[in-house]
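J.: Mind looking over this structure? Questions follow.
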Amino acid sequence: MARHIARRDPRAHWVLLVLALFLLLAALSLNGLVSGLGGGSGQRHDADAAATGVPRQVNTGGPVLRLDRDEPVSRAVPDRTIALTFDDGPDPEWTPQVLDVLRRHGARATFFVVGSRVNENPELTRRILAEGHELGSHTYTHADLGTAPAWRRDVELSLTRKAIAGATGWEVTLLRPPYSSRPGELTGAQYAALRAAAGTGHVSVLSDLDTKDWQRPGVDAIVKAATPARGRGAVVLLHDGGGDRSETVAALDRMLPDLTRQGYRFTTVSEGVDAPASMVKASVGSRASGTALRWTQTGARWTAGGMDLLLGIALVLGVARLAVQVVCAQRHVRRVRRPGPPRPAVGEPVSVIVPAYNEAANIAATVRSLVASAYPALEVIVVDDGSSDGTADIVERMRLRGVRVIRQANAGKPAALNTGIRAARANLLVLVDGDTVFQPDTVHRLVQGFADPTVGAISGNTKVANRRRLLGRWQHLEYVIGFNLDRRMYDVLECMPTIPGAIGAFRREVLLAVGGVPSDTLAEDTDLTMKVLRAGWRVVYEESAIAWTEAPSTLRQLWRQRYRWCYGTMQAMWKHRHALREPGAGGKLGRRGLPYLTVFQIVLPLAAPAVDVYAVYGLLFLPWSNLVLAWAGLLLLQGLTAAYALRLDRERYGPLWSLPFQQLVYRQLMYLVVVQSVVTALVGNRLRWQRMVRTGEAAALIGVQGRAPS
């Protein structure tokens with residue numbers, strides 16, 4: 001219709017959106033990698049791979065391995081010496097208890113820490129060093145180095161060093177690979193990984209005695225497994241994180257005094273093998289990198305927590321919305337079935353105004369359906385708004401009684417409607433789009449609500465005619481589920497924000513009182529409806545007054561239409577924001593309708609892309625069974641809602657099969673429309689009228705008699 005000069009649409013926001021979603025996925029993925037880590041030791045590999053490629057002197061040697069030379073060197077602790085080692089920490093619950101026991105008995109140990117847990121507990125990591133213990137690397141995410149690709153191994157070790165450097169100011173050289181145990185159980189893949197790690201300065205530490213305390217075998221079993229035979233020395237593998245370590249703490253408290261009385265001393269791995277200190281002062285760059293890594297991990301954890309909160313809020317709001325819709329729909333049904341004391345039928349003259357701009361494909365069917373209306377006193381005014389396709393000529397050649405054609409230069413749909421309002425002879429006006437087909441009883445049913453003198457405007461029931469293709473079915477479901485369920489709710493709550501341009505009835509005095517159809521927003525139907533409410537009139541919904549309209553038949557046309565609708569609705573909401581402080585019908589709009597539109601038409605759709613990214617994160621890191629059950633549950637709830645809405649509208653249930661596909665494609669398109677509209681509003685661009693190309697398919701399917709399409 002009207003043409004507005006527009007600046008170039010913003011495009012950078014799509015790049016920013018994709019970048020933001022990528023960063024969100026990266027943050028969630030980082031949190032997924034470092035959260036929920038388990039623990040334990042022992043083999044995760046096939047037994048036949050155990051000794052392949054591992055030198056005999058390694059399999060039969062000591063647990064401390066120098067592999068940065070041509071020939072591997074292994075060392076063991078001397079007799080009556082125990083190097084206690086603890087894996088999978090630091091843990092905020094169990095590591096302090098282990099440290100307390102060690103301090104009480106004057107023992108020192110080596111803690112092989114997980115880098116991500118160091119970032120979560122930096123103070124606890126510093127306490128380990130402050131109490132005279134030694135730190136080593138246990139990778140960043142407790143990854144199996146024997147199965148990880150080379151790049152993953154390098155990242156795991158590098159990040160762990162940085163994490164420890166950022167928390168303590170020291171870098172570590174000792175490394176214990178997760179899922180390892182004694183040298184004799186080392187696999188070829190693990191040995192190759194340790195050889196590669198030696199190239200970056202790591203000394204590998206396995207164990208002589210694996211207590212398997214992560215299996216929680218009992219305190220007695222742990223003590224027995226940690227006790228060397230015949231006074232020999234040993235590197236003992238225990239755990240201070242990765243699960244419930246209460247048995248480990250109890251076993252440690254028992255074995256330390258017992259073995260001390262037997263002449264054992266407890267020391268760190270480096271001192272046990274008489275090696276220089278394993279930790280070196282970290283450079284400023286390493287400490288800075290470690291601090292940045294900790295902040296990144298903390299931000300990822302907060303992001304994941306924020307997404308959990310967002311999903312919870314969205315779920316609660318969605319269920320609450322559904323509950324309110326169903327309750328209001330039931331009240332609306334009871335009101336329709338038991339309308340109260342009978343009122344006299346409305347039969348006074350009605351003027352139907354049809355604004356038309358290049359509607360040659362549908363205008364004949366529209367006018368014929370109006371003339372065929374079973375209403376005694378009806379005039380039809382077609383206002384041709386400067387069409388270039390002969391729209392006015394088509395109507396004039398029809399020579400139908402009671403039909404007038406008014407031609408004007410192109411000035412926009414609001415101007416065309418106002419021209420028709422001025423020319424109308426009746427006091428009851430019905431505004432109809434040029435692509436809409438009425439049923440014979442539509443006008444009669446639409447105006448009966450005017451028997452109530454407080455009603456100023458009435459919304460009809462718009463249905464999608466061209467629903468044979470998938471896109472049409474999706475829009476059909478949207479009209480029935482979203483629009484019409486919402487209209488029943490708005491009717492009950494007395495805050496109807498929009499009478500659709502396809503079918504709406506108004507008192508002439510109301511339109512004159514509010515200054516006619518406004519032209520300063522792109523959603524003139526929403527703007528006009530809000531003006532009527534703020535003028536103190538009731539706006540109601542008549543579900544039996546049915547109008548068939550042609551919906552966009554391509555995604556491009558759908559985008560353009562919904563972009564205009566969304567942008568125009570936001571314009572109208574901002575224009576009428578002062579309704580929040582008003583009494584009466586305007587206040588109900590401001591305190592009921594506007595918040596509802598804000599939450600469900602703007603805020604939640606804006607958050608939807610992030611929710612979709614969370615779904616991708618779930619596919620990567622959450623159990624698929626949980627995701628499938630959650631998705632199936634939500635889809636079932638949506639399906640039941642859709643079935644209920646179709647039943648209320650007396651529609652077939654057939655289109656329900658397309659609902660899952662609607663959630664995968666159509667839903668995302670609608671959310672992106674909201675993103676585009678909000679960005680357009682924020683940057684101050686003025687959106688021009690996006691006119692849909694008509695095909696005449698709706699008119700061909702419905703026909704003059706208004707039969708429903710199959």
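Values quoted throughout were computed directly from the atomic coordinates according to the rules given, and no laboratory measurement underlies them. Please read these numbers as outputs of a predicted model, since none were measured by experiment. No Cβ is skipped: glycine too gets one built from the backbone with ideal geometry, and neighbour counts run over all protein chains shown.
J.: Report, ordered by chain and residue number, the lysines lying within cross-link reach of K224, taken as a straight Cα distance under 21 Å and ignoring same-chain residues fewer than 8 apart.
T.: By straight Cα distance, K224 reaches K212.
J.: Which residues in region 163-191 have a backbone N closer than 18 Å to a point placed 7 Å from the Cα of A288 along the Cα-to-Cβ line?
T.: 163-171
J.: Fewest first, what order do M530, M255 take by the number of other Cβ atoms within 10 Å?
T.: M255, M530
J.: With both partners inside region 61-300, how many of the DSSP beta bridges are antiparallel, as a percent to the nearest 5?
T.: 25 percent
J.: Still on this model: Taking H placed 1.01 Å from N in the peptide plane, check which residues at least 5 places from F111 or on another chain put their amide H under 5 Å from its amide H.
T.: Residues meeting the criterion, in which the H sits 1.01 Å from N, are F86, E134, L135, G136.
J.: Could you tell me the relative contact order of region 51-174? Use alpha-carbon pairs under 8 Å, at least six residues apart, and round to a whole percent.
T.: This gives 20 percent for region 51-174.
J.: I'd like to compare 396-402, 222-228: which one has the highest average count of other Cβ atoms within 10 Å, and what's the full order after that?
T.: In descending order of packing, they fall as 222-228, 396-402.
J.: Set the Förster radius R0 to 45 Å, insert the Cβ-Cβ distance between D308 and D258 as r into 1/(1 + (r/R0)^6), and round the FRET efficiency to 0.05.
T.: The calculated FRET efficiency here is 0.45.
J.: Calculate one ³J(HN,Hα) per residue across region 325-337 by plugging θ = phi - 60° into the Karplus curve 6.51 cos²θ - 1.76 cosθ + 1.60, and present them in order as whole Hz with x for glycine and proline.
T.: Working through the residues one at a time gives 4, 5, 4, 5, 4, 5, 5, 5, 4, 5, 5, 5, 6 Hz.
J.: Then there is this: How far is helix 413-423 tilted, in degrees, relative to the longest principal axis of the Cα atoms in the chain, given as a value from 0 to 90 rounded to the nearest 10?
T.: With rounding to tens, the tilt is 20 degrees.
J.: Counting Lys and Arg as +1 and Asp and Glu as -1, each charge on the Cβ, what is the dipole of region 348-702 about the Cα centre in debye, to the nearest 20?
T.: In debye, rounded to 20, region 348-702 gives about 260.
J.: Any idea what the relative contact order of region 348-702 is, in percent, if you count C-alpha pairs under 8 Å spaced at least 6 apart?
T.: It comes to 20 percent, rounded to a whole number.
J.: Between A323 and A345, how high is the FRET efficiency from 1/(1 + (r/R0)^6) when r is the Cβ-Cβ distance and R₀ = 35 Å? Nearest 0.05.
T.: After rounding, the FRET efficiency stands at 0.45.
J.: Magnitude of the Cβ-charge dipole of region 61-300, K/R +1 and D/E -1, about the Cα centre, nearest 20 debye?
T.: Numbers: 29 positive and 29 negative charges, 82 e Å.
Computed charge dipole of region 61-300: roughly 400 debye.
J.: In whole angstrom, how far apart do the alpha carbon centroids of region 192-253 and region 113-186 sit?
T.: Computed from Cα coordinates, the inter-centre distance equals 15 Å.
J.: Which one of S246, G188, V235 has its Cα pushed farthest toward the positive end of the charge dipole of region 61-300, where Lys and Arg give +1 and Asp and Glu give -1 at the Cβ?
T.: Checked the options; the winner is V235.
J.: In addition: Would you list which lysines come within 30 Å of K575, measuring only between C-alpha atoms, while excluding same-chain residues fewer than 8 positions from it?
T.: K413, K463, K531, K588
J.: What angle, in degrees between 0 and 90 and rounded to the nearest 10, separates the Cα long axis of helix 555-575 from the longest principal axis of the Cα atoms of the chain?
T.: The helix 555-575 is inclined about 80 degrees to the chain.
J.: Net charge within 10 Å of F450 by Cβ-Cβ distance, Lys/Arg positive one each and Asp/Glu negative one each, not counting F450 itself?
T.: Computed value for this residue: 0.
J.: While we're looking at this one, here's another question. Please report the relative contact order for the chain, taking Cα pairs under 8 Å with a sequence separation of at least 6, and give it as a percent rounded to a whole number.
T.: Relative contact order, the chain: 15 percent.
J.: Report the full-extension gain for the segment A615 to R425: residue separation times 0.36 nm, less the Cα-Cα distance, to one decimal in nm.
T.: So the extension gain works out to 62.7 nm.
J.: Assign one of three labels to region 240-333, namely rounded, prolate or oblate, based on the Cα gyration tensor with a ≥ b ≥ c the square roots of its eigenvalues; rounded applies when a/c is under 1.5, prolate when it is not and a/b is larger than b/c, and oblate otherwise. Don't jump to the answer; show the numbers that get you there.
T.: Working: a/c = 10.57, a/b = 2.20, b/c = 4.81.
Oblate, since a/c reaches 1.5 and b/c is not below a/b.
J.: Counting only chymotrypsin sites (Phe, Trp or Tyr not before Pro) that are in a DSSP loop and have at most 16 other C-beta atoms within 10 Å, tell me the longest site-free stretch of the chain.
T.: 1-652
J.: On a 0 to 90° scale, report how tilted helix 246-261 is relative to the longest principal axis of the chain, with both axes built from alpha carbons and the result rounded to the nearest 10.
T.: So the helix axis and the longest Cα principal axis differ by about 10 degrees.
J.: Compute the separation of the alpha-carbon centres of region 255-312 and region 550-588 and state it in Å as a whole number.
T.: The distance from the Cα centre of region 255-312 to that of region 550-588 comes to 55 Å.
J.: Going by C-beta contacts inside 10 Å, put R473, R331, R69 in order with the fewest on the left.
T.: Neighbour counts put them in this order, fewest first: R69, R331, R473.
J.: Using a 7 Å offset from Cα along Cα-Cβ at L606, what residues in region 558-579 end up with backbone N under 19 Å from the label point?
T.: Counting backbone N atoms under 19 Å from the label point, the list is 563-578.
J.: Can you give the local net charge around P90? Use residues other than it whose beta-carbon is closer than 12 angstrom to its beta-carbon, Lys and Arg +1, Asp and Glu -1.
T.: Counting the neighbours of P90, the net charge comes to -3.
J.: While we're looking at this one, here's another question. Just checking my list (1) -0.36, -0.51, -1.13; (2) -0.42, -0.54, -1.01; (3) -0.28, -0.40, -1.16 against log10 I(q)/I(0) by the Debye sum over Cα atoms at q = 0.05, 0.06, 0.11 Å⁻¹ computed from this structure; which label fits?
T.: After the calculation, the listed value that fits is (2).
J.: If you take the charge dipole of the chain about its Cα centre, with +1 on Lys and Arg Cβ and -1 on Asp and Glu Cβ, which of S283, T521, I313 is farthest toward its positive end?
T.: The residue sitting most towards the positive pole is T521.
J.: Using the Karplus curve 6.51 cos²θ - 1.76 cosθ + 1.60 with θ = phi - 60°, work out ³J(HN,Hα) for each residue of region 290-299 in order, rounded to whole Hz, and write x for Gly and Pro.
T.: x, 5, 4, 5, 5, 4, 4, 5, 5, x
J.: OK, next. Please list, or write none, the lysines whose alpha carbon is within less than 19 Å of the alpha carbon of K281, excluding same-chain residues fewer than 8 places away.
T.: Leaving aside lysines fewer than 8 places away in the same chain, those within reach of K281 are K162.
J.: Now, a different point. Treating only the Cβ atoms of Lys and Arg (+1) and Asp and Glu (-1) as charged, compute the dipole magnitude of the chain about its Cα centre; round to the nearest 20 debye.
T.: Here the size comes out at about 2280 debye.
J.: Hey, another quick one. Classify region 348-702 from the C-alpha gyration tensor, please: rounded if a/c falls under 1.5, else prolate or oblate depending on whether a/b exceeds b/c.
T.: Prolate is the answer for region 348-702, as a/c is 1.5 or above and a/b outweighs b/c.
J.: Calculate one ³J(HN,Hα) per residue across region 268-282 by plugging θ = phi - 60° into the Karplus curve 6.51 cos²θ - 1.76 cosθ + 1.60, and present them in order as whole Hz with x for glycine and proline.
T.: Rounded to whole hertz, the list is 7, 4, 4, 5, x, 9, 6, 10, x, 4, 7, 9, 10, 5, 7.
J.: Run the quick spin-label model on F22 and R104: label points 7 Å from Cα toward the beta carbon, then report their separation in nm to one decimal.
T.: 5.4 nm
J.: Another question about this same structure. Of A107, T173, V540, whose Cα points farthest to the positive end of the dipole of the chain (charges on the beta-carbon: +1 Lys, Arg; -1 Asp, Glu; origin at the Cα centre)?
T.: V540
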